[in-house]
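To keep things clear, I will list the structure first and then write my remarks on it.
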Amino acid sequence: MKKENTVIVVLAVLAAVIAATWLLLVAPGLTGNEINMPRGVTSLSASHFDLHMIVLWICVVIGIGVFTAMFTSIILHRKSRGHEAAKLSHSTQAEIIWTIIPVLILVAMAVPATTALIKMEDASGAEMTIKITAFQWRWKYEYLDHDISFISTLDAASNEARQLNSGIAPESVDNYLLDVDNPLVLPIGKKIKFLITADDVIHSWWVPALGWKRDAIPGFINEAWTNIKEPGTYRGQCAELCGKDHGFMPIVVIALPQAEFDAWAAKQLADSRDQQQEADRLWTQQELMQHGEAVYASACATCHQPDGQGLTPAFPALAGSKIATGPVAAHIDVVMNGRAGTAMSAWQDKLSETDIAAALTYTRNAFGNHTGDVIQPITIAEIKRQNTEQETAP
Amino acid sequence: MSTDITSNDLDHAHDGHDDHDHKPKGFLNRWLFTTNHKDIGTLYLFLSLIAFLVGGSMAMVIRAELFMPGLQLVEPDFFNQMTTMHALVMVFGAVMPAWVGFANWLVPMMVGAPDMALPRMNNWSFWILPFAFTMLLSTLFMDSGGPASGWTLYPPLVLQTGNSLAFVVFAVHMLGISSIMGSINIIATILNMRAPGMTLLRMPMFVWTWLITAFLLIAVMPVLAGAVTMLLTDHFFGTNFFNAAGGGDPVMFQHIFWFFGHPEVYIMILPAFGVISEILPTFSRKPLFGYSSMVYATATIAFLSFIVWAHHMFTVGMPLQGELFFMYATMLISVPTGVKVFNWVSTMWKGSMTFETPMLFAIGFVVLFTIGGFSGLMLAITAADFQYHDTYFVVAHFHYVLVPGAVFALMAATYYWLPKFTGNMYSEKWGKIHFWLSTIFVNVLFFPQHYLGLAGMPRRIPDYSPQFADFNMISSIGGFAFGATQLIFVGVILHCIFRSKVKATGQVWEGARGLEWTLSSPPPYHSFTTPPEVSHNMVRHAD
């Protein structure tokens, strides 16, 4: 084998390997599809993106070197070209070199990796705190500094389209599977701390533009923080398998300038005062049925099904069920406190008194159930007060 | 083996130790009551081939549902059962039994022994498996459905499974017992039954990697058994190991599971390293480069595999010090793994290479496993993992190390030793077609999943936003084509065993070294009835 030939082969292989790398790592992005991690809108997401790109490029360079050597050998050192096998079987020098150099590269990588991690884990100095409670298959957001709290669920249009053979094209739904009824609204330019937990199984709260996900675990409260730089709408999803509707548990964050956020918060407070007044009056059965149908559709129908027939065996039918047609007190107890060891959630702190009363009234008088019972919001409020006293009693 | 001085009588007295074919008569005697390492190896390999097809068809269901956005074929809960069962079947039914099958066939022949050290236990460790799998798969037909919590079986979610959970737990127990008995057997064979002159540092790399794998199995299978037993008692007997409301700790399960789970990853890949270290020297006609450093690298990887488990669970919320420790330890694994890749390339360097099917699969392994290794290094970077974790990027990563990694190595091993096992040559033409189609479609299947994950698609979802539609469709097309290609593999194997007219020599491959090639093809029923003398030119390396 002549020397020049070897050089030409090496260069040709190098060019081919680089071309292949370009085809895999760059070209697919030209189709207009997103193929890389977003840079995001926070300092954490930017530092995670930079870290990702540094390590990716180091891998690319090492890969090009290894694959060039390998394919050069495959082309040159083949029996069909009459190449005779050399005798070499080891080289202590080479082996020391290719142990030490990777260690040095790793140390170089570890420096920015450690810095980024320390920054991410430092939630100190937060100016605002949001508590996130995950449960199957919704998110509850509590603004601890504002006395605002609400539940966020997959939007109705996506929910309808995502049913098996719904006949609705996903493309026809705006932000299919990535839209919710009540988005989390946050101010920009403020360090916001999140306290993340769960009620039933493990979930994970993830908005890629914020740069991280954090598991929501029953019995644990995890901390995380963000400081959003740009106003906008940022979408994410639950990232930890949490049951049948894991794929239908999106997250929407709307980041607003401080003044707009304050206006939003004020409106939320006013609305919740209105709701409180509503909860204190007596409702007619017709009002409760009407409101209950809406509550049932958003909170109960995922499991118990819109027609109340349930999905055996995990989700029992409500139509003609012993609970929904039996004594009222037992029914209220199951709905308020949930049922341990099943997917039935405790709704006491997740829905308002009015919502719970309406849903109970609705399920006791719909799907062919004819109990005629009317459950008032004030009754639920009273039971809730007793439950809370019991918990806090010594 | 009978020699000039033995009489016919003496020959009969030593019946079972004769070179001649003295296989047991009758189908049940031959297969159900067998204590022969080759027959048991064959049983393992067929079981694993069946599991590979069953697990593969579940993957087809998954890819078919993900072909387009919207739900067209299955309910989300059944989709979750498919992802769970696909993983359990592939890990415990396809890859692990396949490696035990090759160990059964090869370890006695490679170390110069007549059979495995504990032949009756060998029979038992195989025959547990079909029952364990029947039990596991039967859960899919139960009222409460199969497990739908992912193969990691995380509580509290897994505790929402119905009564079928008990069957899953018992199946895992049986699989564990089988693996532990198989490992004990392999260790006993390697440590006690080597021929004179077969010192530890002369053993073929496949024997070395299996020795280390067997220790890993014995160390971690009981841990898994303990974890699933706690699930069982939490579900059925009111304990609260993992129930936060009862004072338990759901995260503790993850720590226990991954203390098993991470070594498990190496249980599937270390024997693959061994196979590649056998095949590359043969077709490069050059000894394995850096044999001793390969042995030490394998042992180092095995040791490190015990101290990196929490990198599977960075997002559960750990102290900063913990995250840093697991990040550094995980990054370190790339050093011995890198040594292996560099040694393989150096083995090929300045060789005299030919490219029969086993060599093609081995080269495919080195390239594609290395890509999986790179994404592994990226995942080790904790802060970035807060983006990667639980996305399709992770799915792409572990499929790269398991499919063109472990599974390609299994295919390479099949093509490499099948002529030795059967005495017949396989069809080189169809073997090469199988290789090229597999290599093309495995990349069409898995490479786009990197983009999906980075762009924000979580794993284990049955439906997705239309922004992910293009690459999911490409991935599904790759999946269907890769699945169909494996039917060629089945065809080549069956043709080689039953129809091939081309006989294999004892040597089979020009450059092959090692004791198994000194036997006839197919080898005698009892491999070495008298220990062979192991001379230096019979070993595969020149260190």
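The values are calculated or read from the model by the stated rules, or taken from the named source; none is laboratory data. Worth saying up front: this structure is predicted, and the values here are computed from it rather than measured. Cβ sites come from the backbone with ideal geometry, for glycine too, and all protein chains shown count toward neighbours. The accessibility values were calculated without ligands, DNA or RNA, using every heavy atom of the protein model including side chains. Shrake-Rupley method; radii C 1.70, N 1.55, O 1.52, S 1.80 Å.
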Checklist line | Subset of region B:415-466 [among the hydrophobic types (A, V, I, L, M, F, W, C), touching a helix residue (DSSP H, G or I) at 6+ places or on another chain (Cβ under 6 Å), under 30 Å from A:Arg39 (Cα atoms) and touching a residue at least 12 places away in the same chain (Cβ under 8 Å)] | finding: B:Val442, B:Val444, B:Leu445, B:Phe446, B:Leu452, B:Leu454, B:Met457
Next item on the list: Return the total of residues in region A:6-58 being closer than 29 Å to A:Ala86 by Cα and without any contact (Cβ under 8 Å) to a residue 12 or more places away in the chain.
Entry: 5
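Based on what the data block shows, is B:Leu445 part of a helix (DSSP H, G or I), more than 9 Å from chain A (Cβ to nearest Cβ), under 30 Å from A:Ile168 (Cβ atoms) and open to solvent by 10 Å² or more (accessible area, probe 1.4 Å)?
When the stated conditions are applied, B:Leu445 passes them.
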Item checked: region A:94-140 - residue that is at the interface with chain B (Cβ under 9 Å from one of its Cβ atoms), among the polar types (S, T, N, Q) and surrounded by fewer than 17 Cβ atoms within 10 Å (Cβ to Cβ) and, of those, farthest from A:Cys238 (Cα to Cα) -> A:Thr99
Check: Of all the residues that make up region B:54-97, how many are among the aliphatic types (A, V, I, L, M), buried (at least 18 other Cβ atoms within 10 Å of the Cβ) and not in a helix (DSSP H, G or I)?
Finding: 3
Check: Pick from B:Ser475, B:Ser520, B:Ser535: which is surrounded by 20 or more Cβ atoms within 10 Å (Cβ to Cβ) and small (Gly, Ala, Ser)?
Finding: B:Ser475
Next item on the list: Might you check whether a residue that is buried (at least 23 other Cβ atoms within 10 Å of the Cβ) and over 30 Å from A:Trp225 (Cβ atoms) occurs anywhere in region B:387-400?
Entry: yes
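Residues to consider are B:Met327, B:Met348; find the one that is over 24 Å from B:Ile307 (Cα atoms), buried (at least 23 other Cβ atoms within 10 Å of the Cβ) and within 7 Å of chain A (Cβ to nearest Cβ). Break it down into steps so the answer makes sense when it comes.
Working: B:Met327 fails: over 24 Å from B:Ile307 (Cα atoms).
The unique qualifying residue is B:Met348.
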Check: Which of the following residues is out of contact with any His (no Cβ under 8 Å at 6 or more places or on another chain) and open to solvent by 10 Å² or more (accessible area, probe 1.4 Å): A:Ala209, A:Ala224?
Finding: A:Ala209
Next item on the list: Name the single residue, out of those in region A:30-57 being within 10 Å of chain B (Cβ to nearest Cβ) and surrounded by fewer than 13 Cβ atoms within 10 Å (Cβ to Cβ), that is nearest to A:Gly211 (Cα to Cα).
Entry: A:Gly32
Checklist line | Complete set of residues in region B:401-425 that are aromatic (Phe, Trp, Tyr) and open to solvent by less than 10 Å² (accessible area, probe 1.4 Å) | finding: B:Phe408, B:Tyr415, B:Tyr416, B:Trp417
Notebook entry, point to check: Can you spot a residue in region A:353-366 that is among the small types (Gly, Ala, Ser), out of contact with any Gly (no Cβ under 9 Å at 6 or more places or on another chain) and open to solvent by less than 60 Å² (accessible area, probe 1.4 Å)?
Noted result: no
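Could you say which residue among A:Ser89, A:Ser80, A:Ser73 is within 51 Å of the chain's Cα centre (by Cα) and among the hydroxyl-bearing types (Ser, Thr, Tyr)? I'd like the intermediate steps shown before the answer.
Numbers: A:Ser89 fails: within 51 Å of the chain's Cα centre (by Cα); A:Ser80 fails: within 51 Å of the chain's Cα centre (by Cα).
Checking each option against the conditions leaves just A:Ser73.
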Check: If you take the residues in region A:179-214 that are more than 17 Å from A:Asp122 (Cα to Cα) and charged (D, E, K, R), which one is modelled with the highest pLDDT?
Finding: A:Asp179
Item checked: For B:Ala299: the one exception among (1) of a type outside the set (Ser, Thr, Tyr); (2) closer than 30 Å to B:Met359 by Cβ; (3) crowded, with 21+ Cβ neighbours inside 10 Å -> (3)
Next item on the list: Considering each residue of region B:337-362, count those that are within 20 Å of the chain's Cα centre (by Cα) and without any contact (Cβ under 8 Å) to a residue 60 or more places away in the chain, and give that number.
Entry: 2
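Taking the stated definitions as given, is B:Gly112 at positive phi and not β-branched (Val, Ile, Thr)? Don't jump to the end; show me each part of the working.
Details: at positive phi: yes; not β-branched (Val, Ile, Thr): yes.
Against the criterion (at positive phi and not β-branched (Val, Ile, Thr)), B:Gly112 qualifies.
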Checklist line | Among (1) surrounded by fewer than 24 Cβ atoms within 10 Å (Cβ to Cβ); (2) within 14 Å of chain A (Cβ to nearest Cβ); (3) more than 21 Å from the chain's Cα centre (by Cα), the one test that B:Gly150 misses | finding: (3)
Next item on the list: Search region B:242-296 for residues being crowded, with 23+ Cβ neighbours inside 10 Å and not in a helix (DSSP H, G or I), and hand back the single one that is nearest to the chain's Cα centre (by Cα).
Entry: B:Leu288
Check: Of (1) touching a residue at least 40 places away in the same chain (Cβ under 8 Å); (2) farther than 15 Å from A:Ala359 by Cβ; (3) within 14 Å of another protein chain (Cβ to nearest Cβ), A:Gln309 satisfies all except one. Which?
Finding: (3)
Check: Among B:Gly511, B:Gly491, which is the only one that is more than 30 Å from A:Ala161 (Cβ to Cβ), open to solvent by 10 Å² or more (accessible area, probe 1.4 Å) and within 14 Å of chain A (Cβ to nearest Cβ)?
Finding: B:Gly511
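Report, by residue number, each residue of region A:207-221 that is more than 17 Å from A:Leu44 (Cα to Cα) and facing chain B (nearest Cβ under 8 Å).
Start the filter on region A:207-221 by keeping residues that are more than 17 Å from A:Leu44 (Cα to Cα), which leaves A:215-221.
Within region A:207-221, A:Asp215, A:Ile217, A:Pro218, A:Gly219, A:Phe220 meet the criteria.
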Notebook entry, point to check: From the set of residues in region B:284-321 that are of a type in the set (Phe, Trp, Tyr) and more than 9 Å from chain A (Cβ to nearest Cβ), which is farthest from A:Lys79 (Cα to Cα)?
Noted result: B:Phe314
Item checked: Residue check for B:Met142: open to solvent by 20 Å² or more (accessible area, probe 1.4 Å), closer than 25 Å to B:Phe253 by Cβ and not aromatic (Phe, Trp, Tyr) -> yes
Note to self: Name the single residue that is nearest to A:Ala299 (Cα to Cα) among those in region A:174-206 being more than 9 Å from every other protein chain (Cβ to nearest Cβ) and among the β-branched types (Val, Ile, Thr).
What the structure shows: A:Val180
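Filtering region B:228-241 down to residues that are in contact (Cβ under 8 Å) with a residue 12 or more places away in the chain, more than 10 Å from chain A (Cβ to nearest Cβ) and assigned to a helix (DSSP H, G or I), which residue is surrounded by the most Cβ atoms within 10 Å (Cβ to Cβ)?
Here is the first cut: in region B:228-241, the ones in contact (Cβ under 8 Å) with a residue 12 or more places away in the chain are B:228-232, B:234-236, B:241.
If we keep only those that are more than 10 Å from chain A (Cβ to nearest Cβ) as well, we get B:228-232, B:236, B:241.
This time we only want the ones that are assigned to a helix (DSSP H, G or I), so: B:228-232, B:236.
Working: B:Val228: 22, B:Thr229: 15, B:Met230: 20, B:Leu231: 26, B:Leu232: 18, B:Phe236: 13.
Out of the qualifying residues, it is B:Leu231.
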Item checked: Number of the condition not met by A:Asp333 [criteria: (1) open to solvent by 50 Å² or more (accessible area, probe 1.4 Å); (2) charged (D, E, K, R); (3) in a loop (DSSP other than H, G, I, E, B)] -> (3)
